[in-house]
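See below for the structure under consideration.
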Amino acid sequence: MPHADFLQALLADCARRDRDAFERLYRLTAPRLFAMCLSMLRREDLAEEVLQEAYLQIWRDAARFDPDRAAAMTWMAVIVRHRALDLLRRKTEVRLGEQQDHDAPDTGPGPLEVLQRGFDNRALELCLEQLSEEQRNSIVLSFFRGFTHQQLSDYLAAPLGTVKSWIRRGLGQLKRCLQP
Amino acid sequence: MNHRNPQIRSALAGEYVLGTLHGHARRRFERLLETDEALRREVERWQAALYPLVDTLPDREPPPRVWQAIVRQIAPPAVRREVSLWNNLTFWRSWGLIASTIVLIVAIYLAMDLTRPVPPQYVAVISNVEQQAAWLAQADLAENRLSIQALHPQEVAPDRSFELWLLPGEGKPPRSLGLIPAQGGTSLTLPPDVAQALPQAAGLAVSLESAGGSPTGQPTGPVLYQGQIVPPA
């Protein structure tokens, strides 16, 4: 992944309606964000749809990106993930979550294996290691799979209240750890 | 839910960013965000904290159709060079060399079509000012037909059309041969006097007109492409 400043400059060019810069930005960032869509949506067609709509929003809103408030990749990933979450929440009647899990084709390594790879962000890695295994798993699964508390409870076979507590305490501890 | 308590605010913001806040509670939080700048900053802090997780994912290349769909939906650039080449003598003279090379290649290609006998065809490669070939025209004078094929899809605004003109030369005004498509091909009927004038004509040209073509019978929009007519070998 190119340096944050470079992505930031490309986004600024997009704000000036530079279509070549937008294409370069897409080529550099789409594979990572497509992987995130696949991780949450588990279906290639839905992931493509979300990716497309998200990049159109990135193009439309490029002028609103403020580099003082967020890193370029974070800003873009929030847009993509927000749309994926919206789709997931809307599709609850299709039961995209737990039921279709075993039927869904393998769209990559599970989130827990992914964490075993090297992490660029040392602080987050260390702070996640400080959490209990259940807290860490809950947070990571929620992030990569977009699970609700109920879906987490089903997936981990743990009571709803327990799962809510893992998330709440895990996040609280993460915050305390990450703050200087 | 006490939205003034900083711990609760922070906890809500964290769960909002993670995605575990949903339904009624999520909607209420989103409404708060609209007016609460400090809460927005808290959300941004959580995003900065959690989103580096994205970097642990191995890349997956999206299929080309995704980019194609995106690029189709962002406004196309304005058609370049809306400068009429009609009076530009340099333009008329300068590209002949390149065009004739292209025509030679095309003529060889046509000669290689052995599946059916090819009647004598007048050929023109119609190119833009940057000498990029845009259409291939083939005139079958025995049938009074001109077939025209786009070699690459040409960009055109929805309220515009391309119109094809025969340039008879010798000071005579251009004759419209009809509208031609920006992509794909079509077959135009040549009026007998046009078919007769074609072998001696100076060339073909394409202008950009409003949607139904020129209302006056003469080019009203810029002439963006032209081609020399090459007789059959």
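Per this entry, A:D86 is not counted among residues that are assigned to a loop (DSSP other than H, G, I, E, B) and at pLDDT below 95.
Looking at the structure I just gave you, is A:A4 of a type outside the set (D, E), closer than 24 Å to B:A49 by Cα and out of contact with any Asp or Glu (no Cβ under 7 Å at 6 or more places or on another chain)? Walk me through how you get there before you give the answer.
Numbers: of a type outside the set (D, E): yes; closer than 24 Å to B:A49 by Cα: yes; out of contact with any Asp or Glu (no Cβ under 7 Å at 6 or more places or on another chain): yes.
Yes, satisfied.
Taking the range B:165-181 as the range and being open to solvent by less than 20 Å² (accessible area, probe 1.4 Å) and among the hydrophobic types (A, V, I, L, M, F, W, C) as the test, the residues that pass are B:W165, B:L166, B:L167, B:L177, B:I180. Does the range B:96-109 contain at least one residue that is within 30 Å of B:P153 (Cα to Cα), at pLDDT below 90, in contact with a strand residue (DSSP E or B) (Cβ under 9 Å, 6 or more places away or on another chain) and of a type in the set (S, T, Y)? Taking every residue of the range B:96-109 in turn, at least one turns out to be within 30 Å of B:P153 (Cα to Cα), at pLDDT below 90, in contact with a strand residue (DSSP E or B) (Cβ under 9 Å, 6 or more places away or on another chain) and of a type in the set (S, T, Y).
Annotation: of all residues in the range A:32-45 being open to solvent by 10 Å² or more (accessible area, probe 1.4 Å) and more than 21 Å from B:A49 (Cα to Cα), the one that is nearest to the other protein chains (Cβ to nearest Cβ) is A:E44. The condition (being without any contact (Cβ under 8 Å) to a residue 40 or more places away in the chain and open to solvent by less than 60 Å² (accessible area, probe 1.4 Å)) is satisfied by just one residue among B:T186, B:T220: B:T186.
Within the range B:110-122, is even one residue surrounded by fewer than 17 Cβ atoms within 10 Å (Cβ to Cβ), of a type in the set (A, V, I, L, M), modelled with pLDDT under 85 and farther than 23 Å from B:A195 by Cβ? Yes, some residue in the range B:110-122 is surrounded by fewer than 17 Cβ atoms within 10 Å (Cβ to Cβ), of a type in the set (A, V, I, L, M), modelled with pLDDT under 85 and farther than 23 Å from B:A195 by Cβ.
Only one of the listed residues (A:S138, A:S153) is in a helix (DSSP H, G or I), at pLDDT 95 or above and more than 10 Å from chain B (Cβ to nearest Cβ). That residue is A:S153. Picking from residues in the range A:68-90 that are open to solvent by 30 Å² or more (accessible area, probe 1.4 Å) and facing another protein chain (nearest Cβ under 8 Å), the one that is farthest from A:L7 (Cα to Cα) is A:R89.
Being of a type outside the set (K, R) and more than 10 Å from chain B (Cβ to nearest Cβ) is the filter; apply it to the range A:51-67 and report the residue that is surrounded by the fewest Cβ atoms within 10 Å (Cβ to Cβ). Applying the filter and picking the extreme gives A:A63. Among the residues that make up the range B:140-148, is at least one of them touching a helix residue (DSSP H, G or I) at 6+ places or on another chain (Cβ under 6 Å), part of a strand (DSSP E or B) and within 16 Å of B:S127 (Cβ to Cβ)? Checking the range B:140-148: not a single residue is touching a helix residue (DSSP H, G or I) at 6+ places or on another chain (Cβ under 6 Å), part of a strand (DSSP E or B) and within 16 Å of B:S127 (Cβ to Cβ).
Given the structure, is A:T29 free of Cβ contacts under 8 Å to residues at least 40 places away in the same chain, open to solvent by less than 40 Å² (accessible area, probe 1.4 Å) and polar (S, T, N, Q)? Explain how you work it out, then say what you get.
Working: free of Cβ contacts under 8 Å to residues at least 40 places away in the same chain: no; open to solvent by less than 40 Å² (accessible area, probe 1.4 Å): yes; polar (S, T, N, Q): yes.
No, not satisfied.
When you scan the range B:64-77, how many residues do you find that are over 17 Å from the mean Cα position of the chain (by Cα) and either in contact (Cβ under 8 Å) with a residue 40 or more places away in the chain or more than 7 Å from every other protein chain (Cβ to nearest Cβ) (or both)? Here the count works out to 1.
Restricting the search to the range B:15-57, which residues are among the basic types (K, R) and open to solvent by 60 Å² or more (accessible area, probe 1.4 Å)? Give the steps one after another, and end with the answer.
At the first step, the residues of the range B:15-57 found to be among the basic types (K, R) are B:26-28, B:31, B:40-41, B:45.
Selection gives B:R27, B:R28, B:R31, B:R40, B:R41, B:R45.
If you take the residues of the range B:2-14 that are free of Cβ contacts under 8 Å to residues at least 24 places away in the same chain, touching a helix residue (DSSP H, G or I) at 6+ places or on another chain (Cβ under 7 Å) and not in a loop (DSSP other than H, G, I, E, B), which of them is least open to solvent (accessible area, probe 1.4 Å)?
First, the residues of the range B:2-14 that are free of Cβ contacts under 8 Å to residues at least 24 places away in the same chain: B:2, B:4-8, B:11-12.
Going one step further and asking which of them are touching a helix residue (DSSP H, G or I) at 6+ places or on another chain (Cβ under 7 Å), we end up with B:2, B:11-12.
Filter once more, keeping what is not in a loop (DSSP other than H, G, I, E, B): B:11-12.
On the way: B:A11: 40, B:L12: 22 Å².
For the range B:2-14, the residue satisfying everything is B:L12.
The values are calculated or read from the model by the stated rules, or taken from the named source; none is laboratory data. Nothing here was measured: the structure is a model prediction, and the numbers come from that model. Note that each Cβ is placed from the backbone with ideal geometry, even for glycine, and that neighbours are counted across all protein chains shown. The accessibility values were calculated without ligands, DNA or RNA, using every heavy atom of the protein model including side chains. Shrake-Rupley method; radii C 1.70, N 1.55, O 1.52, S 1.80 Å.
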